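See structure below.
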Amino acid sequence: MLIKNSESHFGVVAILFHWAMAILIIGLLILGLYMVRLPISLEKLKFYGWHKECGMLAFLLVIARSIWRVSNLIPSLTLPWWEKLAARTVHYAFYGFMFAMPITGWIITSSSGLPVSFFGLFVFPDLISPNPDTMQLFQQIHKWLGYGLIATIFLHAAAALKHHFIDKDDILRRMLY
Ligand code: HEM
């Protein structure tokens, strides 16, 4: 297996980024939806802390992943033009979500006057000063982006499974090995 992508295959770094971020983001979605429904408690605060730290990890990873993507070939898709357009649109939408989710989460936290710590190693600077109206607005934005991301994940997974089981091509396989 190659480190970098080739014209027809993903390299090991792109594959690791893909699956590590898939697991991290799906975990963040489940944790986010669960924790907001808990009554105020120490447990809720602990989950918020984990969510924020893992969310910032996702942010650092998407920056590294984007740098890797632009400095690599993107394996070509041999598909009808409309399917290629749909696939690329979904891929770019994912990058939009992967940046927008952590940034809006960071804004919620800064606007509520709380720090964003990174696993106790350091604290990220506040993006804006505390403001309850801004906090409420960005809570809504973060929530609806989350719902949009969930819908996009289902679409993406359904398309990958269709290619694997119905079209029997190598689109899913090349993101595995
Ligand atoms: C890819 C990264 C992230 C994903 C997928 C994600 C996902 C979610 C989801 C689905 C919710 C529940 C929304 C609701 O139902 O109201 C949520 C809530 C929340 N997230 Fe994130 N999040 C991410 C990153 C972050 C980051 C980096 C922070 C802060 C530094 C953050 C802070 C929050 C906070 C404070 C809430 C609770 C909002 C409330 O109380 O209404 N998130 N997140």
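We did not get these values from a lab; they are worked out from the coordinates using the rules stated. Source: prediction; values computed, not measured. Please note: Cβ atoms are built from the backbone with ideal geometry, for glycine as well, and neighbour counts cover all protein chains shown.
How many times 2.2 N^0.38 Å is the alpha carbon radius of gyration of segment 77-121? Normalised Rg, Cα atoms only: 1.84. Fewest-first ordering of Ile67, Ile150 by other beta carbons within 10 Å of each residue's beta carbon gives Ile67, Ile150. The calculated pair-distance distribution of segment 29-77 uses every alpha carbon pair, bins of 5 angstrom beginning at 0, and gives 5, 18, 18, 15, 11, 9, 10, 7, 5, 2 percent. Between Trp50 and Leu73, the simple label model (points 7 Å from Cα in the Cβ direction) yields a spacing of 4.2 nm. Helices from the chain with mean Kyte-Doolittle at least 1.6 and a Cα length along the axis of 18 Å or more, per DSSP H: which? Result, helices passing both filters: 12-35. In a simple Cβ point-charge model (Lys, Arg +1; Asp, Glu -1; nothing else charged), the chain has a dipole of about 200 debye relative to its Cα centre. Convex hull volume of the C-alpha atoms in segment 12-175, normalised per residue: 134 Å³. Only DSSP H runs of four or more residues enter the estimate; each adds -39500 (n - 2.57), and after division by the residues of the chain the mean residue ellipticity at 222 nm equals -24000 deg cm²/dmol. Potential lengthening of the chain between Ser112 and Thr134 amounts to 7.1 nm, from the contour at 0.36 nm per residue minus the alpha-carbon distance. Each Lys or Arg adds one and each Asp or Glu takes one away; over the other residues whose Cβ falls under 13 Å from the Cβ of Trp50, this sums to +1.
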